[in-house]
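Single-structure report; data block below.
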Amino acid sequence: DWSSDVCSSDLSGAFLLGSLVVVLGWGAAGGWIASRLPPRLSEGPDPAAAVVQLLLGLALVSLALRILTLRQADRSLETVAAARLERNAPPWGDPPRRSPLAGAALLGPMLQGLALMAVNLSSLLLFLSAAQDVGRSAVAPGVKLLAWLVLDGFTLLPVWLPPALLLLSGPRGRDRLDRLRGWVAGHRQAIEASVTAAFGAFLIWRGLGDL
């Protein structure tokens, strides 16, 4: 198994790289869409923003209802791929063992990160909502670039935060993170539906305020 030749930090990095490729693609698409919209007004109603916020908000609420209607026995593609990645990852802290083919073991996690982020509709809808705000804002190019970087980092938070916490907590913190991961896995459907519905309601509220 080529995956035994790399440590878990390498696998996490490859997974993050695949997810980053998708988010950068979203950024390019979001910037292009924002450039086609009228400039954002500093004061008063903003019909363009209102339409975008309302459409994305309604889409998120619909997605939350869809999540709630899914049977608990149905395992999503993300759950299956994450379990496969965990089986292939050696314990944290094990010394990495390299081989001439070790680089090939990183291709699988990278493709998994790319595929899972590409089908993450809730993250895509939230990203596009924020992208139109960033793309249409009348700020200096440097400030706008910083805003794009913050948006990318926030979108990738579920990908980079767990390995970062594991790195900071060390082997002793692995048990706590494993218990937290078990709790999240047991309540995954409710968490996803609640978070998606909350963001959807927030976007609808913002859209109504921009009318």
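Of the helices (runs of 4 or more DSSP H) lying entirely inside segment 100-211, the ones with 1 or more residues being in contact with a Gly (Cβ under 9 Å, 6 or more places away or on another chain) and among the basic types (Lys, Arg) are found at 141-155, 174-186, 188-209.
Is it true that some residue in segment 184-201 is among the charged types (D, E, K, R), under 30 Å from Gly30 (Cα atoms) and in contact with an Asp or Glu (Cβ under 7 Å, 6 or more places away or on another chain)? No, there is no match, as no residue in segment 184-201 is among the charged types (D, E, K, R), under 30 Å from Gly30 (Cα atoms) and in contact with an Asp or Glu (Cβ under 7 Å, 6 or more places away or on another chain). Please indicate, with yes or no, whether at least one residue in segment 54-67 is more than 28 Å from His187 (Cα to Cα), in contact with a helix residue (DSSP H, G or I) (Cβ under 7 Å, 6 or more places away or on another chain), modelled with pLDDT of 85 or more and in a helix (DSSP H, G or I). Yes, there is a match, as at least one residue in segment 54-67 is more than 28 Å from His187 (Cα to Cα), in contact with a helix residue (DSSP H, G or I) (Cβ under 7 Å, 6 or more places away or on another chain), modelled with pLDDT of 85 or more and in a helix (DSSP H, G or I). Any residue that is in contact with a helix residue (DSSP H, G or I) (Cβ under 8 Å, 6 or more places away or on another chain) and at pLDDT below 85 - is there at least one of those in segment 141-161? The answer is no; no qualifying residue exists.
Residue-by-condition table, conditions (1) buried (at least 18 other Cβ atoms within 10 Å of the Cβ); (2) β-branched (Val, Ile, Thr); (3) within 18 Å of the chain's Cα centre (by Cα):
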residue	(1), (2), (3)
Leu116	yes, no, yes
Ala140	no, no, no
Pro158	no, no, yes
Leu161	no, no, yes
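Residue pairs whose Cβ atoms lie under 6 Å apart, sitting 6 or more positions apart in sequence or on different chains, and linking a residue in segment 106-122 that is farther than 12 Å from Val21 by Cβ to a partner that is of a type in the set (Ser, Thr, Tyr), are Ser122/Thr196.
The values are calculated or read from the model by the stated rules, or taken from the named source; none is laboratory data. What you see is a predicted model; the values in this text were computed from it and never measured. All Cβ positions, glycine included, derive from the backbone under ideal geometry; neighbour counts span all protein chains shown.
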